[in-house]
Amino acid sequence: MKRFKQKYLYVSLALSAFLTAGSAQAEIEEITVTANKREQSLQDIPMTVSVTSAETIKQSSIVDLIDLQTAVPSLRVNQLQSSAQTNFVIRGFGNGANNPGIEPAVLVLIDGVPRSRSSSSLADLPNLERVEVLSGPQSTLFGKNASTGVISITTKAPEGEMGGLVETTLGNNGTQIIKGTVTGPTGIENLSYRVSGSTNKSDGIATNLADDSLINDRDRSAFRAQFQWDAADDLTARLILDHDKIEEACCVTGPLFRGPASAVSDAIGGAALPLDATPWDRQIYMNFEPYNKVSNDGVSLHIEKDLGYATLTSITSDRNTDMKSNFDADFSSANLVKENKLDYNFDTFTQELRLTSNDDSEIQWTLGAFYSDEDTFNNRTVIFGDQIGPYADTLISALSDGDFNLDIISEEVAKGAALQVIAGGIAAQAPTLTAEQVQALANDQFAATFTAAGMDGVNGVITAAQQAGVQVLTSDQMRAQFFVPGGGSQGERFDMNAKTLSLFANVEFPLAENWSASVGLNKTKDEKTVTADVVIEDFFATLPLAAVDPRLSAVQFFPPFTNYPNDSEDGVFESDDVTHTLRLTHDLSENTKAYVSHSTGFKPTSVNLSVNATDATKRAADPERSDNFEIGIKHSHDSGYINAAIFNQNIEGFQSNTFVGNGFQLVNAGDQRHKGIEIDMKQQLSEEWVMGLSAIKIDAEYESFVNGPCDHVAIDVPAPTEADPTATVSTLVFPTVACDVDANGNSKGIKDRSGETPAGIHDWSANFNATYSFNVSDAVSSFLRLEYVYESEVDVVENVPGVTSALSGLYNAAAYGGNGVGNIPATRSTRNFNMSMGFTHNPTGIELMFWGRNLTNHESLLSAFPTTAAPGSYGGYPTAPKTYGLTARATF
């Protein structure tokens, strides 16, 4: 509580300092935004908008949206197991990665064109005017997938005069970035153009120990061409064509805790990570070459017609995103998986028509409609490697305390099959007997057979049944079908078509002197039609082992899946909603506004386009519905501004997609609420110094989440010095997976997390920056920018222990015969210091800039997860290391 009060005191002092600094002589330029789909001053719009200018992006050496999060504390961008698996989060809310059927909760727009998936938004930022981050539900004007916020990117339009820029960057880790743009007239009257391109390459910063190759490299390119035709004073058309691609080997992970399953795979594979390995060593085993390939292509036509009383805007776009990846998902030296391919394709058509008032009336309004038609294709294959059998056999023995192995299970299942064969024969010969009488006779006959001949007798019964045409397997035949190399998920093919229509309207009007209001409404209807064609070859996963020993289900990797449409499922998922925005604004003075608002958001049904790890019948997550109550104040003066908002934001039915070790668990969280304060300020202290501060405080809670992922918790074990030095892998104890149980004491496979604090949401996030501008000489100007990025420590996910050292010491020591080390909590924090210094030769327009990011080399985690197919082991994705370099830029 004391620390909490201190932090609010610091914020109050900062606010006071900025509010009393208005006497400085220098002025801050007005910031223009389009958050309401019309150009307005940042200080006039009654909502929370964080704006990152082209100048800030340049001086901070921000390359893409992942870098952008350092400048916007309310924004978090997590890149996970591949370049395309990235989540955008605003105010702690957001999802959309790891499953192509899950649409994002944060909408990304580039020049008003929506990017339907995060994988289509990861290219290097083009030649920009600004980036706006809109906090809170924005569905009224932006429709679906804006239930928690919007990232709106505005690029520089073509210009009628010749000009351009060439830029090159050299940095550590072999970084080479080349960018360029040129604009000017085409020679055709009133037709201008802008062409931009970039390449971004760097060496890998991680090592694949299987072949000593480098991974986590950077290899990206982008091209963008624009043509603008000013056909008349009241008519403009703008055509944009773009292409970008990513071809990288990504992404490295590292051990947080290596349990017995990891010891098994290491022993089978014949090699292991060092005992003291951490995620920040950036070492991994991948037994085949990983790759991530993303390609984006798009064309859009923007037409604006001035009708006098209003402007008619039409934005038509057609986009295609293709993503392919392959990586060794078990991250061990054992050849457990020989292929883990993902193949996504999104083909998206969108059309927006909008009529916006543009006269001087006190009443301003917007009417519009938005339509999208998207085809999604997804195929995943996970093929067993040639060491999967020995691994599963040893793991089953360890999980069951030696009670089971594959031979024992095949024999027990064969016994059950023989008993059913005997019972069937008795029932056919004596149809008048009751079921109880038949079973009693069958039990006696089976016991006699087994006593006389053991498994030979059992298999003899089965062989005779096979000769009679009965579909049944002997124990040897069954054992041969367990974990066959080349088996696994042969194809998880899903085809989905999604059609969406949104109608929206917004009106702003005066109420009384110094009082105004706005009302917005949106009606969105979404329909998805899905076809599932899944082929699985995992006979072991078909056995009802959970009733025998629930621990064995951890080795049933690919349970049976029922394809659809079928007789009981049509594969159609419909959802719709009406959302609104209500705002009341009061002008306290010429430079100060206060506002109160309530807004709602909608994210339609998300379909699980993969084989669910916990429930194959769970096809989709129901729609998300969000609401936000916000009170804000905006104050500006000649030398700066300060904007602050208190928010209370809630999502009902949050679509949670958690990795649980052998797949993703897609469920709805009942009710998740985030309360907090968001602050954004900038102050010109003098002609030379500009200072900025942005911060957000979030108090988050699951008000209701009955279907949460189970806990992976530590158990009481002897201290390492008390451990049996002769212990083997099979005698080691696994961490406990704690789930809720039903009335009979059986695990539900879920945990009620109502009342808990959601993982991965920082209590405090902040960015403090200061820029000093000065002249070296009459011809050379310079700047120095200092930036500190802070995020408080937080557990990254619910189902990975925050601290695992108590187990790590024993397991590593016993399993590997060495000294266990660890104490690697699955937590995330940020303490990054960034700096840049630039020099511009004004007569020639040539610039040089030295820059560095994360110069403190702060080590933390992006996320964490239960290691794939290795119950009791956990891994994490490390944050980016220190980077630095030199950028040369010439404008003309």
**Prompt:** Using beta carbons and a limit of 6 Å, which pairs, at least six apart or on different chains, have the first residue in region 209-228 and farther than 30 Å from Ala157 by Cα and of a type outside the set (Gly, Ala, Ser) and the second one open to solvent by 50 Å² or more (accessible area, probe 1.4 Å) and assigned to a strand (DSSP E or B)?
**Reply:** Leu209/Gln283
**Message:** Take Arg282 and tell me if it is surrounded by 18 or more Cβ atoms within 10 Å (Cβ to Cβ), touching a residue at least 12 places away in the same chain (Cβ under 8 Å) and at positive phi.
**Reply:** yes
**Fill in**
Taking region 292-322 and the residues there that are within 26 Å of Glu248 (Cα to Cα) and in contact (Cβ under 8 Å) with a residue 60 or more places away in the chain, the one that is farthest from the chain's Cα centre (by Cα) would be Val299
**Item:** Failed item, numbered, when Phe227 is tested on (1) assigned to a strand (DSSP E or B); (2) under 30 Å from Asn36 (Cβ atoms); (3) open to solvent by less than 40 Å² (accessible area, probe 1.4 Å)
**Value:** (3)
**Message:** Any residue at all in region 822-834 that's at pLDDT 85 or above and over 19 Å from Val72 (Cα atoms)?
**Reply:** yes
**Message:** Tell me yes or no: at least one residue of region 746-755 is at pLDDT 80 or above, at positive phi and open to solvent by 20 Å² or more (accessible area, probe 1.4 Å).
**Reply:** yes
**Asked** When only residues in region 436-475 that are open to solvent by 60 Å² or more (accessible area, probe 1.4 Å), in contact with a helix residue (DSSP H, G or I) (Cβ under 8 Å, 6 or more places away or on another chain) and of a type in the set (A, V, I, L, M, F, W, C) count, which is nearest to Glu411 (Cα to Cα)?
**Response** Phe450
**Asked** Would a scan of region 635-645 turn up a residue that is open to solvent by 10 Å² or more (accessible area, probe 1.4 Å) and not in a strand (DSSP E or B)?
**Response** yes
**Request:** Name the strands (runs of 3 or more DSSP E) wholly inside region 129-202 in which the number of residues that are touching a residue at least 60 places away in the same chain (Cβ under 8 Å) and of a type in the set (Ser, Thr, Tyr) is 2 or more.
**Result:** 149-155, 163-171, 191-202
**Message:** Of the residues His598, His580, only one is touching a helix residue (DSSP H, G or I) at 6+ places or on another chain (Cβ under 8 Å), open to solvent by 10 Å² or more (accessible area, probe 1.4 Å), assigned to a strand (DSSP E or B) and within 30 Å of Ala645 (Cβ to Cβ); which?
**Reply:** His580
**Lone qualifier among Glu103, Glu167, Glu159 - being acidic (Asp, Glu) and open to solvent by less than 10 Å² (accessible area, probe 1.4 Å)** = Glu103
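Yes or no, residue by residue, for (1) surrounded by 19 or more Cβ atoms within 10 Å (Cβ to Cβ); (2) among the polar types (S, T, N, Q):
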{"site": "Asn591", "(1), (2)": "no, yes"}
{"site": "Lys603", "(1), (2)": "yes, no"}
{"site": "Ser606", "(1), (2)": "yes, yes"}
{"site": "Leu609", "(1), (2)": "yes, no"}
{"site": "Ala621", "(1), (2)": "yes, no"}
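When the residues of region 27-53 are narrowed to those that are outside any loop (DSSP other than H, G, I, E, B) and within 26 Å of the chain's Cα centre (by Cα), which ends up farthest from Ile177 (Cα to Cα)?
Among those residues, the one meeting the criterion is Val49.
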**Item:** Among (1) open to solvent by less than 50 Å² (accessible area, probe 1.4 Å); (2) farther than 30 Å from Ala263 by Cβ; (3) of a type outside the set (D, E, K, R); (4) not in a helix (DSSP H, G or I), the one test that Thr432 misses
**Value:** (1)
**Item:** Filter result for Glu652 (outside any strand (DSSP E or B) and open to solvent by 10 Å² or more (accessible area, probe 1.4 Å))
**Value:** no
**Request:** Go through Ala310, Ala271 for me and flag whichever is of a type in the set (A, V, I, L, M) and either open to solvent by 20 Å² or more (accessible area, probe 1.4 Å) or touching a His at 6+ places or on another chain (Cβ under 7 Å) (or both).
**Result:** Ala271
**Asked** Given Pro544, Pro510, Pro550, which one is touching a residue at least 60 places away in the same chain (Cβ under 8 Å), open to solvent by 60 Å² or more (accessible area, probe 1.4 Å) and of a type outside the set (Asp, Glu)?
**Response** Pro550
**Item:** Leading residue by the ranking (most open to solvent (accessible area, probe 1.4 Å)) among those in region 208-224 that are part of a strand (DSSP E or B) and under 18 Å from Thr175 (Cβ atoms)
**Value:** Leu214
**Request:** Give the residue, chosen from Ser325, Ser332, Ser357, that is touching a helix residue (DSSP H, G or I) at 6+ places or on another chain (Cβ under 9 Å), touching a residue at least 24 places away in the same chain (Cβ under 8 Å) and not aromatic (Phe, Trp, Tyr).
**Result:** Ser332
**Request:** Might you let me know whether region 367-380 holds any residue that is β-branched (Val, Ile, Thr), open to solvent by less than 20 Å² (accessible area, probe 1.4 Å), over 20 Å from the mean Cα position of the chain (by Cα) and modelled with pLDDT of 95 or more?
**Result:** no
**In region 855-867, residue nearest to Arg76 (Cα to Cα) [restricted to those that are in a loop (DSSP other than H, G, I, E, B) and either charged (D, E, K, R) or open to solvent by less than 10 Å² (accessible area, probe 1.4 Å) (or both)]** = Ser860
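The values are calculated or read from the model by the stated rules, or taken from the named source; none is laboratory data. These numbers were taken from a predicted model, which means no experiment stands behind them. A quick note on method: Cβ atoms are made from the backbone with ideal geometry, for glycine too, and the neighbour counts reach across all protein chains shown. For the accessible areas, the whole protein counts, side chains as well, though only heavy atoms, and no ligand, DNA or RNA atoms are used. Shrake-Rupley method; radii C 1.70, N 1.55, O 1.52, S 1.80 Å.
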